[in-house]
Amino acid sequence: MNPQQIQDVLDRVLLTVDKPGRYVGGEYNSVVKDWDAVPFRVALAFPDLYDLGMSNLGIMLLYHQINSQPDLLAERTFSPWDDMEAVMREREMPLFSLETKHAIAEFDLLGISVPYEQLYTNVLNLIDLAGLPLHRTERDERHPFIIAGGHSCYNPEPLADFIDAFVIGEGEEIVVEVARVLKDLRGATRAQQLSAVAAIQGMYVPAFYDVAYHDDGTVAAITPNHPAAPERVLKRIVTVLPQPFTQFIVPNIDTVHNRAPIEIMRGCTRGCRFCHAGMITRPVRERPVAEVMEAIESIVEHTGFEEISLLSLSSSDYVYVDELTDAIYAKYKGSGISLSLPSLRIESTSADLLDKIGDTRRSGFTFAPEAATERMRNKINKYVPDEQVLQTARDVYSRGWRTIKFYFMIGHPDETLEDVQAIIDLCKAVLHEGRKILGGKANVNVGVSTFIPKPHTPFQWVPQDSTEQVIAKQRLLKDQIRGAGLHLRWNDVRSSEFEGWLSRGDRRLGAVIYRAWQKGARFDAWMDHHDHSAWLSAFEEVGLDTEFYTRRQRGLDEIFAWDHIDVAVHKKFLREDYLMSLNGETRVDCRDRCFACGILPKFKEARSQTEKMAWECPPVQPIRERQQERVANVTLIDLPN
Ligand code: SF4
């Protein structure tokens, strides 16, 4: 179908589907280039609904990077919801781009963002709806070259059967390099394209690696089978964070985050042992205050967004956080512009920071201690003493906030029911503090997620809690975290199991994902859509055991399915950290002391003189005295009128 035919079908069916705004494009700030004048075309796909994908910063950064190049164009596509998919299949209408309604099969490159594992069946469904063969071995140079990237691709093996090449690391620079290499190879064979792409640092071509297994199912070897394939694929980083993107597309419909994000810092040095993002996004790179302030101004001017979120993994560790909030306060006080400063750590957030970012909406704020006993805090290397939590609560309630939200995690290695009971006791103690200050108006919302061991972390060796263990712990929480002022939310045990299967999966899971997709599995991130039994029977039919992936203690010398993916943090460092956790030993923030995790030697040479200033290991120390004062996490800055 050509764009006009696709548009004609859309005109006939849009009013029959939910939220037609998902499929029309034409938004303010969307970029529509002259299709015939631009030599190379990239389709950027987010394998979930428009409502979610439009809030994904990664896709927007790549859209901007590519469309800033005169010889390249990028257009967006998202997963159609069930109703639209049914219409498309019935009318044989292929997946199309929002900007010019071209069929995705007409693009030269299809780039799919895959931040989390629950999107895997949607990745297959996108490729199928585009009318392309699912397995990379069935595609050739007549089909768009398909790449994928995002945090879940640091273990690319479960999707290795379907994707031609993976972006390992940060995509801003590499996506343009891949497009240019393929543009210059127009007319070449797929094999020639794969070789050229494999030669780009940070690109992983699964076809060029053979995986062998021991009889017990563990990986025996991962061997390059092509001269262009390095022994290990070193992740790609941008040494200096590119200029912030500010001309955000203003969505046609409400999205999950109706606000514009600015990344103030990338990476984290705290070293929490369960944290995937903290390990794979090193080194820390911080954005100068002037750049952030210019970006806020540009966003307000070019998008009309009234809410801007200042993103990082640990914003109170951002060395310029005081300077930035002072500047924002001075410039935007009374302007009605609200800014969120998520993921503040209690250890490094001061009372004056809290005052500066006061929140008129008083909607509450979030705090993530994760564990509630000294023993578990040491094990996970996230040490927040109870008294600090209680002091935070007092400081927050005394500033008029009525609701504190806590994030805890159950299922950490060696966790006991006593450790879970401590979560309950701590939440009740906080509510008690709130009641002393606000009476019955104080609330504590408690979110309890289930720990899932992730690749490239110190906990990649540990077994995940069994379903029975999780249910027992959740029952204890549900029985006691209830009543006035106490509200509990928890993860569906099936979603944790499912994510656990895929997180540390190997290449054999490709067959399971394919079978599950054939059985209709889609939108697995939505629990009302996730079909657990389809997955279980897919595992059975393929002859793989789910427990092998989740419940098994890994040997210290075991080869992992992702060991050929080099995140620049040494496996030796991770193993050492894991062994320290067994003894309850902690590590300080590596801003205080470098533990030679491996980042520096891998990227030191890559830095030019200027870039030396942009990131240093260990990173610059934040203002110390802030450490002394223990105050709360805050989500929203709404400058008082
Ligand atoms: S090289 Fe040192 S300072 Fe840098 S991230 Fe690793 S442990 Fe931290």
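The values are calculated or read from the model by the stated rules, or taken from the named source; none is laboratory data. The structure displayed is predicted, hence computed values, not measured ones. Neighbour counts run over all protein chains shown; Cβ positions are idealised from the backbone, glycine included. Keep in mind that these areas ignore ligands, DNA and RNA; they rest on the heavy atoms of the full protein, side chains included. Shrake-Rupley method; radii C 1.70, N 1.55, O 1.52, S 1.80 Å.
Ordered by residue, what ³J(HN,Hα) values in Hz, to whole numbers, does the range 56-61 give under the Karplus form 6.51 cos²θ - 1.76 cosθ + 1.60, where θ = phi - 60° and Gly and Pro are x?
With the stated coefficients, the range 56-61 comes to 8, 4, x, 4, 5, 5 Hz.
With an 8 Å cut-off on Cα pairs and a minimum separation of 6 or more residues, tell me the relative contact order of the chain in percent.
17
Probe radius 1.4 Å, ligands and nucleic acids ignored: give me the carbon and sulfur share of the accessible area of the range 3-234 as a rounded percent.
Percent of accessible area from carbon and sulfur atoms in the range 3-234: 51.
Once you order the gyration tensor axes a ≥ b ≥ c over the Cα atoms, which shape class does the range 155-212 get: rounded for a/c under 1.5, otherwise prolate or oblate by comparing a/b with b/c?
It is oblate, given that a/c is not under 1.5 and a/b is not larger than b/c.
From zero up to wherever the largest Cα-Cα distance of the range 266-325 sits, split into 10 Å bins and tell me the percent of pairs in each.
P(r) for the range 266-325, in whole percents per bin: 20, 43, 28, 9, 0.
For the chain, what is the mean residue ellipticity at 222 nm derived from helices alone (per DSSP H run of n ≥ 4: -39500 (n - 2.57); sum divided by total residues; nearest 500 deg cm²/dmol)?
Computed mean residue ellipticity for the chain: -10000 deg cm²/dmol.
Given axes a ≥ b ≥ c from the Cα gyration tensor, I'd like to know whether the range 170-288 is rounded (a/c under 1.5), prolate (a/b larger than b/c) or oblate. Mind showing how you got there, number by number?
Working: a/c = 2.09, a/b = 1.36, b/c = 1.54.
Oblate is the answer for the range 170-288, as a/c is 1.5 or above yet b/c matches or exceeds a/b.
Can you give the Rg to Rh ratio of the chain, both from alpha-carbon atoms, with Rh computed by the Kirkwood formula?
0.95
In whole angstrom, and with the biggest value first, how far do the Cα coordinates of the range 21-147 range along each principal axis?
35, 33, 30
Cα centroid distance between the range 92-155 and the range 295-313, in Å?
30
Remind me, relative contact order of the range 194-304 in percent, using alpha carbon pairs under 8 angstrom and six or more residues apart?
22 percent.
Sorted by mean Cβ packing within 10 Å, highest first, what order do the peptides 574-583, 67-76, 548-557 take?
The most tightly packed comes first, giving 67-76, 574-583, 548-557.
State in Å² the accessible area per residue of the chain; use a 1.4 Å probe, count heavy atoms of protein chains only, and round to the nearest integer.
It amounts to 37 Å² per residue over the chain.
What whole-number distance in Å separates the alpha-carbon centres of the range 460-522 and the range 373-422?
About 22 Å separates the Cα centre of the range 460-522 from the one of the range 373-422.
Is the shape of the range 3-234 best called rounded, prolate or oblate, per the rule: a/c under 1.5 gives rounded, else a/b larger than b/c gives prolate, else oblate, with a ≥ b ≥ c the square roots of the Cα gyration tensor eigenvalues?
It comes out prolate by the Cα gyration axes.
Compute the long axis of helix 120-129 from its Cα atoms, compare it with the longest principal axis of the Cα atoms of the chain, and write down the angle in degrees, 0 to 90, nearest 10.
30
If the rule is a partner Cβ under 4.7 Å, which cysteines in the chain fail it?
That list is 153, 268, 427, 590, 594, 597, 617.
Stick to the Cα atoms of the range 443-586, pair each with every other, and give me the Kirkwood hydrodynamic radius in Å at one decimal.
Value: 17.2 Å, from the Cα pair sum.
About the Cα centre of the chain, how large is the charge dipole given +1 on each Lys and Arg Cβ and -1 on each Asp and Glu Cβ? Please answer in debye to the nearest 20.
Dipole about the Cα centre, nearest 20: 1280 debye.
Kindly express, to the nearest 10 degrees and within the range 0 to 90, the angle between helix 321-332's C-alpha long axis and the longest C-alpha principal axis of the chain.
80
Under 5 Å between amide hydrogens, which residues at least 5 positions from residue 406 or on another chain qualify, with H placed 1.01 Å from N in the peptide plane?
367, 445, 446, 447
What are the ³J(HN,Hα) values, in whole Hz, obtained from phi via the Karplus relation 6.51 cos²θ - 1.76 cosθ + 1.60 with θ = phi - 60°, for each residue of the range 286-295 in sequence order, with x given for Gly and Pro?
10, 8, x, 4, 4, 5, 5, 5, 4, 5
Hey, what angle do you get for helix 3-13 against the long axis of the chain, alpha-carbon based, 0 to 90 degrees rounded to 10?
60
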